[in-house]
Amino acid sequence: MAEETIFDKILAGEIPADKVYEDEHVLAFRDINPQAPTHVLVIPKRKVSHFTEFPERPAEEAGILFQRAAHVAKELGLEKNGYRIVVNHGPHGQQSVGYLHVHILGGRQLSWPPG
Ligand code: 5GP
């Protein structure tokens, strides 16, 4: 059993979050420490802890998550100027919450490569 995280608690409604989108598959909410004018996290309601689990999961789970991320980015008005989608995994990727989440970052010119 995966350890409970802050995102489990947000999903359960035990701690508040600034929600921007929700349906039967995903929840999207604003990052508490935004790294861009728009910084939203999209999580699957059916828990996945790490990106590395996707090869063992039904392909539609990853598909729906990224489809919804694109939908949310469009709803947030980011499509015209562009935005970045990020999934951090493990220590080198600096994943800090063990509940898979897609970052949507936009609203300013982002640099590349990342640090
Ligand atoms: P990671 O580093 O794991 O890819 O990203 C985790 C993200 O979750 C960070 O950007 C961090 O600011 C955000 N975060 C951590 N705790 C909370 C919280 O309680 N509420 C919200 N909305 N975001 C959080």
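The values are calculated or read from the model by the stated rules, or taken from the named source; none is laboratory data. Note that the structure is a prediction, hence the values are computed from the model and not measured. All Cβ positions, glycine included, derive from the backbone under ideal geometry; neighbour counts span all protein chains shown. To get the accessible areas, we keep the full protein, side chains included, count just its heavy atoms, and leave off ligands, DNA and RNA. Shrake-Rupley method; radii C 1.70, N 1.55, O 1.52, S 1.80 Å.
A compact table of results
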read-out	value
Given charges at Cβ of Lys, Arg, Asp, Glu: the range 6-106 dipole, positive-most of Y21, L65, I104	I104
The range 1-113 - accessible surface per residue (Å², probe 1.4 Å)	62 Å²
Over 21 Å (Cα to Cα) - which of K9/K74; K19/K74; K45/K80 fall in this group	K9/K74; K45/K80
Rounded to whole Hz, the Karplus (6.51, -1.76, 1.60) HN-Hα couplings of the range 48-62, x for glycine and proline	10, 7, 9, 3, 5, 7, 4, x, 9, 9, x, 4, 5, 5, 5
Phi to ³J(HN,Hα) by Karplus 6.51 cos²θ - 1.76 cosθ + 1.60 over the range 32-41, Hz, x for Gly, Pro	6, 10, x, 9, 7, x, 10, 9, 10, 10
Cα pair distances in the chain, grouped into 5 Å bins until the bin that holds the longest one, percent each	2, 11, 22, 25, 22, 13, 5, 1, 0
Of A12, A28, A73, the one that fluctuates the most in a GNM where the chain has Cα springs shorter than 10 Å	A12
V48 long-range amide H proximity, modeled H, under 5 Å	L100
Under 5 Å, built H, 5+ apart or other chain: amide partners of D31	H39, V40, L41
The range 6-106, accessible surface, carbon-and-sulfur percent (1.4 angstrom probe)	51 percent
Estimated vicinal HN-Hα couplings, Hz - the range 91-100 in sequence order (Karplus 6.51, -1.76, 1.60; Gly, Pro = x)	x, 5, x, 6, 6, 10, 10, x, 9, 3
Theoretical ellipticity at 222 nm over the chain - DSSP helices of four or more residues, -39500 (n - 2.57) apiece, nearest 500	-6500 deg cm²/dmol
Size of charge dipole - the chain - debye, nearest 20, with Cβ of Lys, Arg +1 and Asp, Glu -1, no other charges	440 debye
Relative packing of peptides 65-72, 92-99 - highest average C-beta neighbours within 10 Å first	65-72, 92-99
Taking the chain and dividing mean pair separation by its residue count, relative contact order in percent (alpha carbons under 8 Å, at least six apart)	31 percent
Inter-centroid distance (Cα atoms) of the range 67-115 relative to the range 1-65, Å	12 Å
